[in-house]
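The values are calculated or read from the model by the stated rules, or taken from the named source; none is laboratory data. In this text the structure is predicted, and so the values were computed from the model without any measurement. Neighbour counts are summed over all protein chains in view; Cβ atoms, including those assigned to glycine, are modelled from backbone coordinates with ideal geometry.
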Amino acid sequence: MSLDGFIDDAGPDRLVLSDEEDLDRVDAVRASCDAILVGAGTIRADDPRLLVRSADRRAERRRAGLPASPAKVTVTATGDLDPAGAFFTAGVASADAAGDGTGGVPERLVYCASPAVAKAEHRLGAVATVVDGGDPVTLTRVLADLAGRGVGRLMVEGGTRILTEALAAELVDELHVVVAPFLVGDPAAPRFVAPGRFPHGPAHPMALTEVRTMGDRVLLRYELGDGPHRGQS
Ligand SMILES: NC(=O)c1ccc[n+]([C@@H]2O[C@H](COP(=O)([O-])OP(=O)(O)OC[C@H]3O[C@@H](n4cnc5c(N)ncnc54)[C@H](OP(=O)(O)O)[C@@H]3O)[C@@H](O)[C@H]2O)c1
């Protein structure tokens, strides 16, 4: 995020907040996870690929018997997603999909609100597994279903609504915040989190476990722990 807490600007292009060192750090975290979750808004705004970039990390995952990149997961109430988007197509098109000589196609899961499941199936069924996420979809239910599919470690990359929901529902074990050395200052831009009722307020702060300087950027790592509200949402 920017110093004033924005994770993008309000323009059509993605605001670059990370430098190469941070992108490599993100890549290492991705490679350590079973799945990556982004909201449908992030797919529409950024068209992310969500693949492990480093050939060494992909090869290491394959040696461990894992797909080269983690599964990709999204949540939508509307099902309005483009099946040609990189979320659905990147890493899938060729046999050597991950570009590391080992193949390995990442799974794609779309948790859709019950009323839109039929539409989402029709639109996305050829490129993803559409799962009925309930009405409304709750992240608690999504996480339980993912656990049943063998996902033990999930990376939540954003955007604002997904991060807000995950933090408010106390579903987060660890938070990584990287602060970029500039201000965005546009009230129309998306914030790291929206207003909400967060269990980790002033009376129940997170534990800071790491501060890492990366050039002009800084990583803050927090552990959120087993709070009193855990699992109640
Ligand atoms: N700097 C960073 O690290 C970073 C990372 C990721 C994203 N971003 C930025 O974040 C912005 C997008 O944030 P956002 O808040 O608009 O989008 P978001 O959180 O990515 O996605 C919101 C969408 O997800 C779906 N959704 C979320 N929770 C749901 C639930 N419980 N039930 C059903 N559907 C649910 C809805 O999709 P439908 O509308 O399809 O129903 C909703 O519109 C972009 O500007 C992006 O660049 C920044």
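Below are the figures for this structure:
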{"read-out": "Filter pass, Phe198 being of a type in the set (Phe, Trp, Tyr) and either part of a strand (DSSP E or B) or free of Cβ contacts under 8 Å to residues at least 60 places away in the same chain (or both)", "value": "yes"}
{"read-out": "Whichever residue in the range 117-174 is assigned to a loop (DSSP other than H, G, I, E, B) and among the basic types (Lys, Arg) and, among such residues, is farthest from Asp9 (Cα to Cα)", "value": "Arg149"}
{"read-out": "Within the range 54-89, tally of residues that are in contact (Cβ under 8 Å) with a residue 24 or more places away in the chain, within 19 Å of Ala28 (Cβ to Cβ) and either of a type in the set (Lys, Arg) or outside any loop (DSSP other than H, G, I, E, B) (or both)", "value": "9"}
{"read-out": "Single residue of the range 4-48 satisfying the filter (away from the ligand (no atom under 12 Å from the Cβ), among the acidic types (Asp, Glu) and under 14 Å from the mean Cα position of the chain (by Cα)) that is nearest to Ala189 (Cα to Cα)", "value": "Asp27"}
{"read-out": "Residues (within 14 Å of the ligand (Cβ to nearest atom) and loosely packed, with under 11 Cβ neighbours inside 10 Å) located in the range 188-198", "value": "Ala188, Pro195"}
{"read-out": "For Asp27: the one exception among (1) assigned to a loop (DSSP other than H, G, I, E, B); (2) touching a helix residue (DSSP H, G or I) at 6+ places or on another chain (Cβ under 7 Å)", "value": "(1)"}
{"read-out": "Every residue from the range 110-140 that is more than 23 Å from Ser32 (Cα to Cα), within 14 Å of the ligand (Cβ to nearest atom) and not aliphatic (A, V, I, L, M)", "value": "Cys112, Ser114, Pro115, Lys119, Arg123, Asp132, Gly133, Gly134, Asp135, Pro136, Thr138"}
{"read-out": "Test: residue in the range 211-223 that is within 17 Å of the chain's Cα centre (by Cα) and within 11 Å of the ligand (Cβ to nearest atom)", "value": "no"}
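Every residue, every condition in (1) at pLDDT 95 or above; (2) not aliphatic (A, V, I, L, M), yes or no:
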| site | (1), (2) |
| --- | --- |
| Leu50 | yes, no |
| Leu81 | yes, no |
| Gly104 | no, yes |
| Arg108 | yes, yes |
| Lys119 | yes, yes |
| Leu139 | yes, no |
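Residues checked against (1) out of contact with any strand residue (DSSP E or B) (no Cβ under 9 Å at 6 or more places or on another chain); (2) surrounded by fewer than 17 Cβ atoms within 10 Å (Cβ to Cβ):
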{"position": "Ala10", "(1), (2)": "yes, yes"}
{"position": "Val16", "(1), (2)": "no, yes"}
{"position": "Ala68", "(1), (2)": "yes, no"}
{"position": "Lys72", "(1), (2)": "no, no"}
